[in-house]
Amino acid sequence: MKKTILHLDLDTFFVSVERLLDSRLQHKPILVGGLSDRGVVAACSYETRGYGVHSGMPMKMARELCPEAIAIKGNAGTYSKHSDLVTEIIKEQVPLFEKSSIDEFYADLSGMDRFFGCYHYASELRRKIIKETGLPISFGLSVNKVVSKVATNEAKPNNQLKIDFGYEKPFLAPLSIKKIPMVGDKTYQTLRNLGLRKVQTIQEMPVDLMQRVLGKNGRVIWKRANGMDNSPVIPFCERKSISNERTFDKDTIDVIKLKGILIAMAENLAFQLRRGEKLTACIAVKIRYSDFNTYSKQMRIPYTSADHILIPKILELFKILYNRRLLVRLVGIRFSHLVPGNYQIDLFEDTEEALNLYAAMDTIRERYGDKSVLRASGMGARTIGRMHNPFNGQPPIVLAHRKQ
């Protein structure tokens, strides 16, 4: 039985989510990413591409190339939430799928032609995702993952493309060699120096020559150029950790600022745990100093998703790691050993007031955004994520931090 592999890719995903949240951004040039001089472009709208802007580019350069662009910090929690909506739809509709990134999926539809017609089924799935999430998505359909991924990129924006069995090589032949997955800037330049421009030229080359030029990667690229790929769709399984980190515009020794950012990170990640009905049993703190030496320390704890348990432990780890003699470049937090579950009430420590407060805060965050309510001690860390402010210019709700 021949394989039928579907590749789905949410078009300019971060940009599309921002436009979903604010319709005024439609048809305008958008940059999503770090806003400082050290920041990079995580995503950019099609309107910016004509100016030479692309993802991974320094934000400062992107703004110089496209001064009219609207730059947005972005919010990982918001993007994860929309990605999860798409994941749930795919999970319900296909027998086997792989989530290869926050906005990219593979599905094995082999054998479904006898019942539905794979292209028709994939088209229905795409329409369902667009209708239920409001997000544009493209797909490619072929006999393997590589050709399907290339087909998706050729179909964009917001379209679909099927490559019939036996037509893989003719489809790939006229394309630029840069369209082959695994050909990055360095490999592309090496191949261009050899006079290679189109995929067809690689198809006509002896595989041994490619291997001499690029080593073992040369054989892989030659196979991909010829539409050959046997990599399987890896079944999706839930993530086992969540993390957040912050690189500073200017290295700092401000302990109050560092602690405030860690508190805000811990609070945000704890909310993500509760929203996903998860508990963590292992926490870790990471510090990178100005000399680029990086240190981390972790701690096992009873399963929990409660701020008032996690934050003191995070600060405890920070105290162990922190070296006052050096400037800090980056801090980060990771929660791992995740399991399904809801926070269990501690009959000796928790009060009804505290539990009701958690429920109220999470309700506000679900409705108005991750950072719509936060501790006063974390106010200096707003740039952890996109500050979605629904209060017509009013500041977010702030909770005074009471020492335990």
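The values are calculated or read from the model by the stated rules, or taken from the named source; none is laboratory data. None of these values were measured; they are calculated from a predicted model. As a convention, Cβ positions derive from the backbone with ideal geometry for all residues, glycine included, and neighbour counts pool all protein chains shown.
For segment 308-329, which positions are in contact with an Asp or Glu (Cβ under 6 Å, 6 or more places away or on another chain) and closer than 15 Å to residue 244 by Cα?
If the condition is that a residue be in contact with an Asp or Glu (Cβ under 6 Å, 6 or more places away or on another chain) and closer than 15 Å to residue 244 by Cα, then 329 is the only one that fits.
Considering (1) at pLDDT below 95; (2) out of contact with any Phe, Trp or Tyr (no Cβ under 8 Å at 6 or more places or on another chain), say which one residue 333 fails and leave the rest.
The failed condition is (1).
Evaluate segment 114-132: report whether one residue or more is without any contact (Cβ under 8 Å) to a residue 24 or more places away in the chain, within 23 Å of residue 26 (Cβ to Cβ) and not β-branched (Val, Ile, Thr).
yes
Go through segment 90-128 and give me each residue that's over 16 Å from residue 237 (Cβ atoms) and aliphatic (A, V, I, L, M).
109, 112, 122, 125
Filter segment 63-115 down to the residues that are part of a strand (DSSP E or B) and of a type in the set (A, V, I, L, M, F, W, C), then identify the one that is nearest to residue 271 (Cα to Cα). Talk me through it step by step, then tell me what you get.
The initial filter retains those residues of segment 63-115 that are part of a strand (DSSP E or B), namely 70-72, 97-101, 104-108.
Remaining after also requiring of a type in the set (A, V, I, L, M, F, W, C): 70-72, 97, 105, 107.
On the way: 70: 29, 71: 26, 72: 22, 97: 28, 105: 26, 107: 31 Å.
It comes out as 72.
Considering only residues of segment 197-216 that are under 30 Å from residue 57 (Cα atoms) and modelled with pLDDT of 90 or more, which is surrounded by the most Cβ atoms within 10 Å (Cβ to Cβ)? Write out each step before concluding.
Residues of segment 197-216 that are under 30 Å from residue 57 (Cα atoms), as a first pass: 197-202, 210, 213-216.
From what's left, modelled with pLDDT of 90 or more: 197-202, 210.
Details: 197: 13, 198: 16, 199: 26, 200: 17, 201: 15, 202: 24, 210: 22.
The qualifying residue surrounded by the most Cβ atoms within 10 Å (Cβ to Cβ) is 199.
From the list 48, 4, which residue is out of contact with any Gly (no Cβ under 6 Å at 6 or more places or on another chain) and closer than 30 Å to residue 168 by Cβ?
Working: 48 fails: closer than 30 Å to residue 168 by Cβ.
Matching residue, one of 48, 4: 4.
The conditions are (1) surrounded by 18 or more Cβ atoms within 10 Å (Cβ to Cβ); (2) modelled with pLDDT under 95; (3) more than 22 Å from residue 56 (Cα to Cα), and residue 194 fails exactly one of them. Which is it?
Residue 194 satisfies every listed condition except (1).
Take the residues in segment 145-185 that are assigned to a helix (DSSP H, G or I), free of Cβ contacts under 8 Å to residues at least 24 places away in the same chain and in the same structural domain as residue 223 (by TED's automatic domain parsing); name whichever of them is surrounded by the fewest Cβ atoms within 10 Å (Cβ to Cβ).
That would be 185.
Please give the strands (runs of 3 or more DSSP E) falling wholly within segment 5-49 in which 3 or more residues are in contact (Cβ under 8 Å) with a residue 12 or more places away in the chain and closer than 30 Å to residue 113 by Cβ. Break it down stepwise before answering.
Values: elements: 5-10, 30-33, 41-44.
Filter on segment 5-49 gives 5-10.
Test residue 317 against the stated conditions and say whether it is in contact with a strand residue (DSSP E or B) (Cβ under 7 Å, 6 or more places away or on another chain), buried (at least 19 other Cβ atoms within 10 Å of the Cβ) and modelled with pLDDT under 85.
Numbers: in contact with a strand residue (DSSP E or B) (Cβ under 7 Å, 6 or more places away or on another chain): yes; buried (at least 19 other Cβ atoms within 10 Å of the Cβ): yes; modelled with pLDDT under 85: no.
No, not satisfied.
Here is a check on your reading of the model: is residue 277 at positive phi, in contact with a strand residue (DSSP E or B) (Cβ under 8 Å, 6 or more places away or on another chain) and not assigned by TED's automatic domain parsing to the domain that holds residue 39? First the steps, then the outcome.
Working: at positive phi: yes; in contact with a strand residue (DSSP E or B) (Cβ under 8 Å, 6 or more places away or on another chain): yes; not assigned by TED's automatic domain parsing to the domain that holds residue 39: yes.
Yes; evaluated as a whole, the condition is true for this residue.
From the list 84, 22, 37, 103, which residue is among the acidic types (Asp, Glu) and crowded, with 17+ Cβ neighbours inside 10 Å? Break it down stepwise before answering.
On the way: 84 fails: crowded, with 17+ Cβ neighbours inside 10 Å; 22 fails: crowded, with 17+ Cβ neighbours inside 10 Å; 37 fails: crowded, with 17+ Cβ neighbours inside 10 Å.
The unique qualifying residue is 103.
For the subset of segment 329-340 comprising residues that are surrounded by fewer than 20 Cβ atoms within 10 Å (Cβ to Cβ) and among the aliphatic types (A, V, I, L, M), which member is farthest from residue 261 (Cα to Cα)?
339
Any idea which residue in segment 272-306 is modelled with the lowest pLDDT, counting only those that are farther than 17 Å from residue 316 by Cα and surrounded by fewer than 14 Cβ atoms within 10 Å (Cβ to Cβ)?
Checking each candidate, the answer is 277.
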